[in-house]
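The values are calculated or read from the model by the stated rules, or taken from the named source; none is laboratory data. What you see is a predicted model; the values in this text were computed from it and never measured. Virtual Cβ from ideal backbone geometry, glycine too; neighbours counted across all protein chains shown. Each accessible area value is taken on the protein alone, full model and side chains, heavy atoms only, with ligands, DNA and RNA left out. Shrake-Rupley method; radii C 1.70, N 1.55, O 1.52, S 1.80 Å.
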Amino acid sequence: MDAYSISFTSASQRNLSRIWRDLKSCRQYSVVEMGPEDLAEKPGLEYRIGERRARSSARKPHVAVVGAGFSGLRCTDVLLQHGFEVTLIEGRNRLGGRVYQSKLPSGHLVDAGPNWIHGTNDNPILDLAKESGTAVGLWEDKSSVFDEAGRMLPLSDAVLHSGIMWDIIGDAFRYSNKHSATISPDESLWNFFEKEVPKRIPDTEPDFEQKRKSVYQIAESWGAFVGSHVFTQSLKFFWLEECIDGENLFCADTYQKILQLVAKPAVEGATIKYETIVNKIQTTSDEGGPLKVYTEGGEALEFDEVVLTAPLGWLKRHAQAAFDPPLPARLTKAIKSIGYGCLEKVYISFPKAFWQSARPTNGTTDSTVQGFCQMLSPSYATDSNPRKWNQEFLELASLTPSAAQPTLLYYFYGDQSKFITGELSKLPSKEKQDAFLFDWFKPYYSRLPHYDENSPACIPTGCYATEWLNDDLAGNGSYSNFQVGLEEGDKDIEVMRKGLPDRGLWLAGEHTAPFVALGTATGAYWSGESIGKRIAQAHSREKGGVTVVD
């Protein structure tokens with residue numbers, strides 16, 4: 001969940017920031033601003049693997065791209081532009097991977113995967129949104145906050161406490177970027193909050209204990225950004241969580257039209273094998289002949305190069321059995337070390353957005369909820385939520401009119417994700433699943449302004465829940481993150497990003513993206529683009545399929 005921008009490096013400091021230096025080194029061909037000194041840093045040509053094979057025959061080099069998410073689709077596009085033959089192998093019966101939409105009973109489409117465009121400066125996904133006419137939304141950096149008893153806090157208190165929380169997040173980014181080398185791997189972002197909150201709310205302030213408690217509770221919302229609890233967020237590698245600068249935009253029209261644009265070159269130019277699950281990849285040296293990709297259906301397919309875009313969670317589960325010969329120890333360690341989140345979400349729709357009614361509440365002036373809302377450590381639903389998990393959601397009725405809908409979008413992670421998806425997996429029908437979700441979330445949406453249990457406007461009409469934790473092709477989770485205990489997070493990403501070009505195996509996906517785009521749709525797109533260009537370099541092929549002879 002990304003209603004707030006999480007870019008904290010000023011333009012003047014980018015030459016000192018590892019995350020921005022990494023972006024420039026990864027994106028030599030991008031529109032990222034580069035100075036004359038950067039233009040001299042041409043991408044290396046050391047990975048010319050397969051060049052002799054390609055030059056010794058009249059055929060096009062044949063590349064397998066395993067996985068048709070954003071990284072696989074973009075890689076396919078780049079390879080086709082450079083004259084390769086591409087076979088796109090996809091386990092599902094559709095394109096997009098985790099970019100997927102579902103339709104609510106109201107007729108509104110909602111995203112099961114990414115909702116956001118992370119940063120607006122030099123972001124290709126924003127360019128695609130504009131090209132496709134995809135409406136995007138933006139909320140003010142204000143949120144509604146409800147306390148433990150379900151009472152809505154005054155806006156001034158919510159703004160104050162949220163502001164302290166985000167100031168500490170900004171300081172944590174800067175501290176991590178500057179001191180990463182000396183920070184203990186066991187130190188968490190939560191430890192940083194424990195040091196900083198008392199400095200900002202000294203015990204000389206009235207009611208300081210309650211104010212501190214509110215900030216700590218709001219800080220738990222960080223889990224909805226990375227898919228894991230704030231207690232487990234590595235402080236040493238917190239700097240890797242920084243995103244592209246600019247605003248974070250909500251894809252109000254969903255990612256559907258963006259996906260269609262990204263997929264078009266593959267649909268028109270590649271061979272696509274749907275419902276084909278890869279269970280083993282046999283790699284080779286440059287002298288060892290073609291690579292082989294084995295499928296659950298018993299096929300053994302031969303290629304010159306293989307691009308594997310499987311999610312990090314899939315790699316974690318299959319790293320031992322899926323590769324022959326086994327992956328090198330350092331690559332296996334990198335896959336094991338980087339965390340993998342479990343962000344899930346539930347959409348609940350209503351006949352109308354009752355929470356935006358202008359009707360006064362209890363004799364007071366207008367009381368509404370708009371945009372992001374947090375319900376902190378609820379003590380009023382202990383039968384269903386005995387651990388008092390915070391509830392965080394966006395209301396979608398205040399989006400641009402063409403995309404607005406009377407729907408609440410709940411984000412959750414960690415143990416709540418495991419509980420909700422576990423309960424849903426036990427229920428035999430969509431009707432029973434919906435009834436469970438309506439009942440479980442009712443203590444929270446019933447606290448919203450103007451709720452009336454007897455009003456038809458307040459009775460849910462439909463819902464949709466993601467179950468990425470139950471999806472093996474999604475890696476049984478959401479996206480990469482950086483957890484306590486991590487010792488070489490940046491190097492681990494670089495090792496996965498490099499892949500095994502000498503054996504013809506290239507890795508792509510959000511977990512191999514430039515640091516600034518890890519865990520995002522933009523990062524997946526960039527990673528596929530980068531691998532496509534590296535393979536083209538390895539085969540000395542320019543756009544149009546021209547082979548360059550030195």
Report task. Go through (1) open to solvent by 20 Å² or more (accessible area, probe 1.4 Å); (2) closer than 20 Å to residue 225 by Cβ; (3) touching a Cys at 6+ places or on another chain (Cβ under 7 Å) one by one and return the number of the condition residue 530 breaks. Result -> (2)
Query - Count of residues meeting criterion [open to solvent by 50 Å² or more (accessible area, probe 1.4 Å), of a type in the set (Val, Ile, Thr) and assigned to a loop (DSSP other than H, G, I, E, B)] in the stretch 257-307 - result: 1
Report summary line: residue 182 vs (1) polar (S, T, N, Q); (2) open to solvent by 10 Å² or more (accessible area, probe 1.4 Å); (3) in contact with a helix residue (DSSP H, G or I) (Cβ under 8 Å, 6 or more places away or on another chain): all pass except (3)
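Take residue 398 and tell me if it is modelled with pLDDT of 95 or more and either among the hydroxyl-bearing types (Ser, Thr, Tyr) or part of a loop (DSSP other than H, G, I, E, B) (or both). Can you show your working first?
Details: modelled with pLDDT of 95 or more: no; either among the hydroxyl-bearing types (Ser, Thr, Tyr) or part of a loop (DSSP other than H, G, I, E, B) (or both): yes.
Judged against the criteria, residue 398 is not a match.
If a residue has to be within 15 Å of residue 60 (Cα to Cα) and either surrounded by 22 or more Cβ atoms within 10 Å (Cβ to Cβ) or out of contact with any Ser or Thr (no Cβ under 6 Å at 6 or more places or on another chain) (or both) to count, how many in the stretch 75-109 make the cut? Walk me through how you get there before you give the answer.
The initial filter retains those residues of the stretch 75-109 that are within 15 Å of residue 60 (Cα to Cα), namely 76, 78-87.
Adding the requirement that they be either surrounded by 22 or more Cβ atoms within 10 Å (Cβ to Cβ) or out of contact with any Ser or Thr (no Cβ under 6 Å at 6 or more places or on another chain) (or both) leaves 76, 78-86.
So the answer is 10.
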**Report entry** Every residue from the stretch 308-345 that is over 22 Å from residue 75 (Cα atoms) and assigned to a helix (DSSP H, G or I)
**Finding:** 316, 317, 318, 329, 330, 332, 333, 334, 336, 337
Query raised in the report: Given the conditions (1) touching a residue at least 12 places away in the same chain (Cβ under 8 Å); (2) under 26 Å from the mean Cα position of the chain (by Cα), which single one is not true for residue 196?
Result: (2)
Query raised in the report: Within the set of pairs 6 or more residues apart or between chains, which connect a residue that is farther than 19 Å from residue 310 by Cβ inside the stretch 59-80 to a residue that is part of a strand (DSSP E or B) and aromatic (Phe, Trp, Tyr) with Cβ atoms less than 7 Å apart?
Result: 62/303
Query raised in the report: Which of the residues spanning the stretch 199-230 are of a type outside the set (D, E, K, R) and free of Cβ contacts under 8 Å to residues at least 60 places away in the same chain?
Result: 201, 202, 204, 206, 208, 210, 215, 216, 219, 222, 230
Report summary line: Of 370, 416, 405, the only residue that is in contact with a Lys or Arg (Cβ under 9 Å, 6 or more places away or on another chain), in a loop (DSSP other than H, G, I, E, B) and either touching a residue at least 40 places away in the same chain (Cβ under 8 Å) or on the phi < 0 side of the Ramachandran plot (or both) is 370
